[in-house]
1. Determine if segment 168-187 includes at least one residue that is open to solvent by 40 Å² or more (accessible area, probe 1.4 Å) and small (G, A, S).
2. Among the numbered conditions (1) of a type in the set (G, A, S); (2) modelled with pLDDT of 95 or more; (3) loosely packed, with under 15 Cβ neighbours inside 10 Å, tell me where A162 comes up short.
3. When only residues in segment 230-240 that are more than 18 Å from the chain's Cα centre (by Cα) and either more than 15 Å from W297 (Cβ to Cβ) or without any contact (Cβ under 8 Å) to a residue 24 or more places away in the chain (or both) count, which is surrounded by the fewest Cβ atoms within 10 Å (Cβ to Cβ)?
4. Please verify whether A132 is in contact with a Lys or Arg (Cβ under 8 Å, 6 or more places away or on another chain), touching a residue at least 40 places away in the same chain (Cβ under 8 Å) and not polar (S, T, N, Q), treating the condition exactly as stated.
5. Would you mind finding the one in D300, D318 that is open to solvent by 70 Å² or more (accessible area, probe 1.4 Å), out of contact with any Phe, Trp or Tyr (no Cβ under 6 Å at 6 or more places or on another chain) and more than 22 Å from A245 (Cβ to Cβ)?
6. Does A288 count as surrounded by fewer than 14 Cβ atoms within 10 Å (Cβ to Cβ) and in contact with a strand residue (DSSP E or B) (Cβ under 7 Å, 6 or more places away or on another chain)?
7. Would you point out the residue of segment 188-216, among those that are in a helix (DSSP H, G or I) and open to solvent by 20 Å² or more (accessible area, probe 1.4 Å), that is farthest from V4 (Cα to Cα)?
8. Among the candidates V105, V120, which residue alone is open to solvent by less than 40 Å² (accessible area, probe 1.4 Å) and modelled with pLDDT under 95?
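The values are calculated or read from the model by the stated rules, or taken from the named source; none is laboratory data. Just so we're clear, the structure is a prediction, and the values are computed from it rather than from any experiment. Cβ coordinates were reconstructed from backbone atoms using ideal geometry, including for glycine residues, and neighbour counts include every protein chain displayed. Accessible surface areas use protein heavy atoms only, side chains included; no ligands, DNA or RNA. Shrake-Rupley method; radii C 1.70, N 1.55, O 1.52, S 1.80 Å.
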Amino acid sequence: MSLVALLHECTRLAGGDGVGALASVVRRRGSLPMSATAKLLVTADGARFGTIGGGCLEAEVMERALDVCERRVPVCTQHSLNAELAGDYGLTCGGTADVFIEPVVPDAMLAALYAEAAAVVARGDRAVLATARTWPDGTPRKLLVTSQQRVGCDGDAALRDAIDAYEATRETPLFGDEVVVEALVGAPRVVVFGAGHVGARICEAASFSGWRVTIVDDRAEFADAQRLPWAEQVLVCDFGDVRAAAVAPGDYVIICTRGHQHDALIAAQVAPVFPRFLGMLGSRRKGALTAQALRGWGVDASAIGRIICPVGMDVGADTPAEIAVSVVAQLIAERRQMTDVRRPMAVGGGEDKL
């Protein structure tokens, strides 16, 4: 389940449709089968949305969450997967996770806060959410700060101070003595130019890997929403004018059209925007020729230098699906700020894969 869907479920419960408990991983140590930002919503009748990794740890958290549903008091719990227990379940990992479990109860402020959080994430923006670890009078103590507004307990100095101290680029929770602070980050956007065999597979792989995908082609029969159900947006436009794609500095861009001239035209328009990542399918020779053409057209050298060609991790990819996996792997590495992600790496056979 996506974060947006989970937040919508929280909104529904807070709007008066029931009671639940939201469990969030706030700190991990060691090797554990869960995301650093995993969430699990459990309702009083036992329904669950999301996951913190499954298995024995999730069963423990669900039991505590049901207790929180009944008592309506937030708790912090610690769960360990030691070598003996991991062996019992046939696992090779082990470590400790701190999980914050908070009640989701009918409350007008909570409903408004979760609704706004869902809207922020759905549009790909970022918000910071602070939650007090204790609610002395049973009243939820939460504050959501977005680029546009503040929702919740804005008069709570502890919550405000915690948000002010949270690093602007941080994505993992900050587990303080009194307050838990976390970033709610919308899915990043990738714009794929070219909806042929490779572009379609990149669209599919990027979608299930957590990106909001816009895919663009100049042929209506290829830029067909029914053919590309994974895309959030499908556009038909002339490659000589791709303003309709509205590429922004925070976007990821992949250029994989059917022709080198199309690729160069698109790169000339997109590179000066300085997107977070700009990759082009092809060979190193193609990359050099494209750079030469862009210099001739007056494109800034620093913008040209950001183009990755060939794009994709070097995994020996050959088929369209394998190439798509290698490309999306590089997008993930860039998103998670892995080292050497921008080093040009070969993909398949190069130019003949277009």
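1. Yes, because at least one residue in segment 168-187 is open to solvent by 40 Å² or more (accessible area, probe 1.4 Å) and small (G, A, S).
2. The single condition A162 does not satisfy is (3).
3. D238
4. yes
5. Just one listed residue meets the conditions, D318.
6. no
7. Among those that are in a helix (DSSP H, G or I) and open to solvent by 20 Å² or more (accessible area, probe 1.4 Å), it is H197.
8. V120
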